[in-house]
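What follows is a short report on a single structure.
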Amino acid sequence: MELGLSGKIALVTGASSGIGRATALSLAEEGVRVALSYNSNKAGALETADCINEGARERGEPSSAVIVQCDISSEDSVRACFETTLRSFGQLDILVNNAGYWPSGYVGEMESEDWRRCLDVNLTGHFLCSREFVRHRRPTQNGGRITNIVSFAGFLGSTTGHAHYASAKAGLVALTKSLAREFCPHGILVNAVSPGMVETEMTKAISGEEKDRYLGRIPLGRFAEPQEIANVVVFLSSERASYVTGSTFDVSGGVLMH
């Protein structure tokens, strides 16, 4: 299926591993040039970029990936990230807000700073990136795509010590709808993808009874592979999703069934 993505430019946050890495690789396979944002895992970002650029060289094409350090909770860092992306590629058509932070801590013992940091990364950071994206795209009046990675925790809440994470993701669902309504006149479509449990660096620490408890809630009986989430993000970034905005796509193995 032709997705109409060839020649587009994307910024993927948190692209060093997991869902971000799989999304960046999948977009590149469709002919998208990609800026890979990372916070601390530079080696992972470089590895992802090398994979993309090696594929471009094999096709006789110029390099199609760059890495950009960015703390999405910082306005200055986000602004610099977008400036670097635009200097590298000249335009930006697609934003994938994937970077995330998954701390643990029950509310009774939670420090206020842990609460603030979780919301700063998982909610405010996506606002800052989306604001920068629309400031770039709005004068052109020719559309764009934003996809936010949310979580089933934003709908179900948390009983396992992640109330701050669940709260941030619930806010991101509402932000997705608000951005979609506000950006429609500019042709910018905004959607969200809501994974369940995914085999990523963040979930590697889950094992034993805790993992069994998670698996018992998943009708498909397993964690997702990052590629299974990336497939939906790529679709939403494409021309095939031209009449979809303000929607949240559940990719949780059946935990959520809307």
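The values are calculated or read from the model by the stated rules, or taken from the named source; none is laboratory data. What you see is a predicted model; the values in this text were computed from it and never measured. Cβ atoms come from the backbone with ideal geometry, glycine included; neighbour counts cover every protein chain shown.
Numerical summary
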item: Test: residue in segment 141-150 that is at negative phi and at pLDDT below 95; result: yes
item: Count - residues of segment 45-78 that are more than 13 Å from residue 9 (Cβ to Cβ) and under 16 Å from the mean Cα position of the chain (by Cα); result: 9
item: Test for residue 144: is it surrounded by 18 or more Cβ atoms within 10 Å (Cβ to Cβ), over 16 Å from residue 118 (Cα atoms) and in contact with a Lys or Arg (Cβ under 7 Å, 6 or more places away or on another chain); result: yes
item: Cross-chain or 6+ apart pairs with Cβ under 7 Å, segment 80-98 first and more than 21 Å from residue 191 (Cβ to Cβ) and without any contact (Cβ under 8 Å) to a residue 60 or more places away in the chain, then part of a loop (DSSP other than H, G, I, E, B) and aliphatic (A, V, I, L, M); result: 86/92
item: Residue list for segment 167-195, filter: of a type in the set (Gly, Ala, Ser) and buried (at least 23 other Cβ atoms within 10 Å of the Cβ); result: 168, 192, 194
item: Single residue of 87, 21 found to be of a type outside the set (Ser, Thr, Tyr) and farther than 22 Å from residue 199 by Cβ; result: 87
item: Of all residues making up segment 5-42, the number that are in contact with a Lys or Arg (Cβ under 9 Å, 6 or more places away or on another chain) and within 24 Å of residue 137 (Cβ to Cβ); result: 13
item: Hits in segment 178-199 - residues which are touching a residue at least 12 places away in the same chain (Cβ under 8 Å) and closer than 27 Å to residue 114 by Cβ; result: 179, 192, 193, 194, 195, 196, 197, 198, 199
